[in-house]
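I have placed the structure first, in the form of structure tokens, so that the comments after it can refer back to it.
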Amino acid sequence: MTTDETDGFTVLSAQLTGFEAEHLRASGLVEVYGAVAAEQLGADRFGRLLREEGRPVGELDGDLLDAARTVTLLWYTGSWPGPPPFVVSPRAYAHGLVWRAAGIAAPATAPAGYGSWAERPAGARLR
């Protein structure tokens with residue numbers, strides 16, 4: 001991806017995900033996800049999607065709306081829905097925005113140690 005494409009993909013991704021561009025850049029996944037999206041969507045469709053940056057998602061035509069949803073899913077889950085579906089990398093899974101939005105670490109990525117399940121989490125209250 002060119003610098004302009006990377007910048008455009010970052011702005012578009014921030015619009016689609018609701019996360020600040022700085023947060024997305026800090027993940028270190030902008031270039032990786034941009035390359036995956038460009039390859040999977042094809043250069044023409046990817047370019048058309050980038051040119052729509054800033055336009056309300058609801059105004060996109062069906063093809064670009066589907067592409068926008070797929071890019072959003074990529075950011076939130078670290079996976080491409082296919083066909084064929086695939087997880088981009090273990091790092092992408094661990095840094096999926098879904099975990100940040102939920103306020104938790106991705107399962108099996110930040111173990112608390114043996115027997116930690118037996119302890120009440122700090123700040124947890126029983127009802």
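All of the numbers you see were taken from the coordinates with simple rules; none came from a lab. Quick caveat, the model's predicted, so the values are computed rather than measured. For neighbour counting, all protein chains shown are included, and Cβ atoms are generated from backbone atoms with ideal geometry for every residue, glycine included.
For the stretch 3-102, the residue among Trp80, Trp99, Leu65 whose Cα projects farthest onto the positive side of the dipole built from Cβ charges is Trp99. Shape annotation for the chain: C-alpha extents along the principal axes are 53, 28, 26 Å, from largest to smallest.
Of the GluC sites (Glu not before Pro) found in the stretch 1-40, the ones in coil according to DSSP and having at most 15 other Cβ atoms within 10 Å of their Cβ are Glu20. Under a 5 Å amide H cut-off, with hydrogens placed 1.01 Å from N, Ser79 pairs with Val88 among residues at least 5 apart or on other chains.
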